[in-house]
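The values are calculated or read from the model by the stated rules, or taken from the named source; none is laboratory data. Not measured: the values here are computed from a predicted model. Heads up, the Cβs are rebuilt from the backbone with ideal geometry, glycines too, and the neighbour counts pull from every protein chain shown.
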């Protein structure tokens, strides 16, 4: 994997967008772009130079925690990203009930009318991923391999 460190001006833009979308104002970690539009956060003790040197020797596949993806001029928090930023998220959360939770965890979209936006799904105090609302329905963005299977 080619490791691409996100520069401070790009990081400021990402934080500004996170603030606009979700109310998030602080991202304390080094941000790394990896793969298809994925953004990871790294908080370890290695410097950028040490990481690059290690990557030249070992060909690092991934580094840090997968926080979000940047798609369609939107940032989508991963499940782990929503947990990581849980204390900062103040905007675009949608609370769902237990029957909607079951549908969501099985990968189904939810027929809930909320303003058009990328939203964080919440059940009680648990954040359980993100989706995209078109105003009439929330489309499920939980990866297929993380959904519950019908038994």
For segment 94-108, what are the residues that are surrounded by 14 or more Cβ atoms within 10 Å (Cβ to Cβ) and touching a residue at least 40 places away in the same chain (Cβ under 8 Å)? 94, 105, 107
Taking residue 111, is it outside the structural domain of residue 11 (by TED's automatic domain parsing) and either closer than 27 Å to residue 10 by Cβ or in contact with a helix residue (DSSP H, G or I) (Cβ under 8 Å, 6 or more places away or on another chain) (or both)? no
With criteria (1) in contact with a helix residue (DSSP H, G or I) (Cβ under 7 Å, 6 or more places away or on another chain); (2) part of a helix (DSSP H, G or I), residue 102 comes up short on (1)
Taking residue 5, is it touching a residue at least 24 places away in the same chain (Cβ under 8 Å) and in contact with a helix residue (DSSP H, G or I) (Cβ under 8 Å, 6 or more places away or on another chain)? yes
Residue 74 vs (1) crowded, with 18+ Cβ neighbours inside 10 Å; (2) under 20 Å from residue 15 (Cα atoms): all pass except (1)
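The rows are residues; the columns are (1) in contact (Cβ under 8 Å) with a residue 40 or more places away in the chain; (2) farther than 28 Å from residue 133 by Cα.
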position: 13; (1), (2): no, no
position: 40; (1), (2): no, no
position: 47; (1), (2): no, yes
position: 91; (1), (2): yes, no
For segment 119-133, how many residues are surrounded by 13 or more Cβ atoms within 10 Å (Cβ to Cβ) and outside any strand (DSSP E or B)? 0
Strands (runs of 3 or more DSSP E) lying entirely in segment 1-92 (those with 2 or more residues that are modelled with pLDDT of 90 or more and over 12 Å from the mean Cα position of the chain (by Cα)): 30-34
